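Worksheet for the structure shown next.
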Amino acid sequence: MDLRERIQSALGIDYLLQRELGGGGMSRVYLARDDRLGRDVVVKVLSPELAESLSLDRFERELRIAARLQHPNIVPVLVAGNSDGLPYYTMPFVRGESLRARLTAGSVPVRETLRLLRDVAHALAYAHAEGVIHRDIKPENVLIADGIAVVTDFGIGKAIDVARSRQLGDTLTQIGVALGTPAYMAPEQAAADPDVDLRADLYAWGVVAYECLAGAHPFPGKRTNQAYITAHLIEQAAPLSERNPALAPAVATLIMQCLEKDRDRRPDSARAIAEVLDAALSTSDSGVQVRVSAGGRKTGDAPDGPSIAVLPFVNLSADPENEYFSDGITEEIRNLLAQDRVLRVAARSSSFAFKGKPTDSRTIAQQLQVGTLLEGSVRRAGNRVRITAQLVNAADGYQLWSNRFDQELTDIFAVQDEIASAIATTLRSALRESPGAPAPVEVPDESPAAGQRTRKPVNPEAYDEFLKGRYLNHRRSHSDNDIHNAIAHFQRALKLDPAFAPAFAGLAESYLWLCVFFVLPATEAFAHTRRYLRDALALDPELPDVHYLLGELALYHEWDFEECERHTRRALALDPNHPEALMLVARVSMLRGRVREIDDALEASVRADPVGLGTRWYYVVNLYCVGKFQRCIDEADRMLSDAGEYNDALRWRGKARCALGDVAGGLEDLERAAGLTTPHPWHLAELSIALSANGRTDEVRRIRDELIERADRVWIPPSAIALAQRALGDHDAALRWLERAFQARDFLCVVFPFEAMFNIPLPGQTRSIREDPRWTDLVRRVGLLHEPA
């Protein structure tokens, strides 16, 4: 029986080997089909020569440790086993190319390189925190999918080391040289030091980074493994600043520090590396030096880099009802510009916050942290449309570009594309001509320009219906009338043009909101969402909102955090400043227990959307969920100061006050919020906790009874009734309703462990519901293995 047959026999009928992908001296690599889950996987089989020296039990035991690694920049180990004494393991198949292939194809733009290197650093930081060292970081082990770098073979070197060293009686000199790739070995690895630690990975990262940014290995010209080993031990690499003078000094210094022979002189951690790259990318992306105040809000001067806010175009049509059309044109142009990776484009919600307000351009630019503003007007008459647009330098009011377009509505996409392309070209040119502009390498010509993506022609009437639907979705309130009307417009659009992907995406978003507003049960709402997103994806896989909404679906209904991250990464690859996708990154990081990553994602979302109430509200919510209650209160105070009586800011401030023990102040906020709009079921449940904490149990009982009675007629999330039962101290009833929530796929299940209202001390209650084994089992079944600290 040959090797392929042996492996197929060991894998069983669930996997079908398809072809050999290659491999080196240590392993053979195959592509296999996982028929049970309908996906492709990679099967890596260790060579017979290596396998003979291993303890198979120890190898599998160590791989189980590596299999715990779950991170968006790490390709996880799925299954480990052995076939007639040959160890193998499986990993997801990543559709993309290796960093080695990318380097071989030609030079990589500096900004893209820094982003890939940052991804690798984040993978190392996470793995090191989990106690796993890679030991073989090299371009072949870095895969690129959708512009994101993922690291493969984590923990394999350690597994071989442990399994082999004990079989050979700790002949560490032989092992130290055999494991790893000589071209990327740290000096201590090359010297077979038995105490290799995480700093060996930082050295290898430095070699990879040097090779990417200098265009050559730090020790070029070596032809043998021994020559590389000698170089790592005694030679000094030429300063990277000499090989690439355009590189930011902080980055060049960092990489040379990683290449220090003495491991004590290297950076302290991969996280420290990632922070330097974050700062470098932030500066090169926007030119703005952002400061974060104690409350988390960002401040900063308007940048002189390529950044823009598209302000709402003024409706000059005779019919004021055409407001939806001018708003829609504005948003379409903004979305086209967002496709340009060189430009930083303010979020729609921030730009539209200034609609109808007499605010001067310099103030707008400072608040949105942009250097330029696009202003315009739309006049529609029948099937003809006139669009005027002008691009303004916010610092001095100088007009950089302007034009007027008179077209038939059938050519509306062409007009939008022309405006976006002209603006992108103007900003790129201005950036290069600016005295303080980055070196040309920082603004790669191959980066796609706005407006280059081909859009299919659309029926003008269908497009008009789509704009009406999207306008209503943006205008939504806790009343569902706008959402139902939006659905009707999207359906009419699809009747007129069945292949119009954005209308399917609009329908999917509408049903998502009907779930969030507790109008439809999660199973019903998300079934519609899933169906329409699949239709949209089949017609146009490049819509950022589709991938963002697929991430929401995966998180809140399917409880598949890995799938959520995959779609979120894709959404951000298509629109790097998509604030909702950035906020989703923060939420899934919290749910997966990666608390240290939450602030990074939140800050990125606030930077993309510094004025929009939705982003600021979400910032408040996440501060609450991670237990930063005082910061939550401070930020809610600022929102209320800026926006007046904003009911959701009052709600979350009230909950945070209760969590800090100020139950009287918390109840006051929750009651004020309830007076501003009809409270939804979860708001009533929160009120029940605050009322109970203040001794008003009769009112709690009325709320509980009302929710149960209404549940016979309309959709009431079982989680809300569970919280009301908890307010009355009936933990058994509360846990029964929580089980109903689980069975109903109540979208709030994913936040149970982070909802402090389940843990607030109540009069006469001495036991926390979280101490009940049924609570722990529920959290485990949802997939929330990480309780908040």
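The values are calculated or read from the model by the stated rules, or taken from the named source; none is laboratory data. Nothing here was measured: the structure is a model prediction, and the numbers come from that model. Here the Cβ is made from the backbone with ideal geometry for all residues, glycine too, and neighbour counts use every protein chain on show.
Taking the stretch 641-684, which residues are over 25 Å from ARG710 (Cα atoms), among the small types (Gly, Ala, Ser), in a helix (DSSP H, G or I) and more than 31 Å from the chain's Cα centre (by Cα)? ALA664, GLY665, GLY666, listed by residue number.
So for the stretch 319-328 (the condition being out of contact with any Phe, Trp or Tyr (no Cβ under 6 Å at 6 or more places or on another chain), at pLDDT 75 or above and assigned to a loop (DSSP other than H, G, I, E, B)), does at least one residue qualify? So far as the stretch 319-328 goes, yes, one or more of its residues are out of contact with any Phe, Trp or Tyr (no Cβ under 6 Å at 6 or more places or on another chain), at pLDDT 75 or above and assigned to a loop (DSSP other than H, G, I, E, B).
Pairing residues of the stretch 713-728 that are β-branched (Val, Ile, Thr) with residues that are not in a helix (DSSP H, G or I), at Cβ distances under 8 Å and at least 6 apart in sequence or on separate chains, gives ILE716/PHE518. Here ARG531 meets each of (1) of a type outside the set (A, V, I, L, M); (2) surrounded by fewer than 18 Cβ atoms within 10 Å (Cβ to Cβ); (3) at pLDDT 90 or above; (4) closer than 30 Å to LEU707 by Cα with one exception, condition (4).
Can you go through LEU738, LEU762 and tell me which one is within 16 Å of ALA685 (Cα to Cα), touching a residue at least 60 places away in the same chain (Cβ under 8 Å) and aliphatic (A, V, I, L, M)?
Numbers: LEU738 fails: touching a residue at least 60 places away in the same chain (Cβ under 8 Å).
Being within 16 Å of ALA685 (Cα to Cα), touching a residue at least 60 places away in the same chain (Cβ under 8 Å) and aliphatic (A, V, I, L, M) holds for just one of LEU738, LEU762, which is LEU762.
Hand me the list of strands (runs of 3 or more DSSP E) wholly inside the stretch 372-433 holding 2 or more residues that are among the aromatic types (Phe, Trp, Tyr) and either surrounded by fewer than 17 Cβ atoms within 10 Å (Cβ to Cβ) or modelled with pLDDT of 80 or more (or both).
Details: elements: 372-381, 384-393, 399-408.
In the stretch 372-433, 399-408 are the strands (runs of 3 or more DSSP E) which contain 2 or more residues that are among the aromatic types (Phe, Trp, Tyr) and either surrounded by fewer than 17 Cβ atoms within 10 Å (Cβ to Cβ) or modelled with pLDDT of 80 or more (or both).
Filter the stretch 182-225 for residues that are out of contact with any helix residue (DSSP H, G or I) (no Cβ under 8 Å at 6 or more places or on another chain) and not charged (D, E, K, R); which is modelled with the highest pLDDT? The extreme case among them is PRO220.
Comparison of GLU558, GLU597, GLU565, GLU603 shows that the only residue that is surrounded by fewer than 24 Cβ atoms within 10 Å (Cβ to Cβ) and in contact with a strand residue (DSSP E or B) (Cβ under 9 Å, 6 or more places away or on another chain) is GLU603.
The single condition among (1) in a strand (DSSP E or B); (2) surrounded by fewer than 24 Cβ atoms within 10 Å (Cβ to Cβ) that LYS355 does not satisfy is (1). Count, please, the residues in the stretch 119-139 that happen to be in a helix (DSSP H, G or I), at pLDDT below 90 and touching a strand residue (DSSP E or B) at 6+ places or on another chain (Cβ under 9 Å). Summing the residues that are in a helix (DSSP H, G or I), at pLDDT below 90 and touching a strand residue (DSSP E or B) at 6+ places or on another chain (Cβ under 9 Å) in the stretch 119-139 gives 2. For the stretch 699-714, the criterion of a residue being surrounded by 21 or more Cβ atoms within 10 Å (Cβ to Cβ) and either hydroxyl-bearing (Ser, Thr, Tyr) or under 31 Å from the mean Cα position of the chain (by Cα) (or both) is satisfied by no position.
Scanning the stretch 65-109 for residues that are more than 27 Å from ALA586 (Cα to Cα) and not in a loop (DSSP other than H, G, I, E, B) yields a count of 19.
Out of curiosity, is TYR511 surrounded by 22 or more Cβ atoms within 10 Å (Cβ to Cβ) and either modelled with pLDDT of 90 or more or assigned to a helix (DSSP H, G or I) (or both)? Full working, then the answer.
Numbers: surrounded by 22 or more Cβ atoms within 10 Å (Cβ to Cβ): yes; either modelled with pLDDT of 90 or more or assigned to a helix (DSSP H, G or I) (or both): yes.
So TYR511 fits the description; yes.
Residue count for the stretch 637-673 satisfying the condition of being surrounded by fewer than 23 Cβ atoms within 10 Å (Cβ to Cβ) and free of Cβ contacts under 8 Å to residues at least 24 places away in the same chain: 10. Just one residue in the set ILE333, ILE364 is in contact (Cβ under 8 Å) with a residue 40 or more places away in the chain, outside any strand (DSSP E or B) and surrounded by fewer than 24 Cβ atoms within 10 Å (Cβ to Cβ); that residue is ILE364.
Among the residues of the stretch 203-237, those that are of a type in the set (A, V, I, L, M), surrounded by 15 or more Cβ atoms within 10 Å (Cβ to Cβ) and within 37 Å of the chain's Cα centre (by Cα) comprise ALA204, VAL207, VAL208, ALA209, LEU213, ALA214, ALA237.
Return yes or no: is ASP637 part of a helix (DSSP H, G or I), outside the structural domain of GLU755 (by TED's automatic domain parsing) and under 19 Å from ARG587 (Cβ atoms)?
Working: part of a helix (DSSP H, G or I): yes; outside the structural domain of GLU755 (by TED's automatic domain parsing): yes; under 19 Å from ARG587 (Cβ atoms): no.
Spelling it out, it is not the case that ASP637 is part of a helix (DSSP H, G or I), outside the structural domain of GLU755 (by TED's automatic domain parsing) and under 19 Å from ARG587 (Cβ atoms).
Confirm whether VAL751 is assigned to a loop (DSSP other than H, G, I, E, B), modelled with pLDDT under 95 and under 20 Å from VAL516 (Cα atoms). Against the criterion (assigned to a loop (DSSP other than H, G, I, E, B), modelled with pLDDT under 95 and under 20 Å from VAL516 (Cα atoms)), VAL751 does not qualify. From the list PHE754, PHE747, the lone residue that is within 28 Å of the chain's Cα centre (by Cα), of a type outside the set (S, T, N, Q), within 26 Å of CYS564 (Cβ to Cβ) and surrounded by 23 or more Cβ atoms within 10 Å (Cβ to Cβ) is PHE747.
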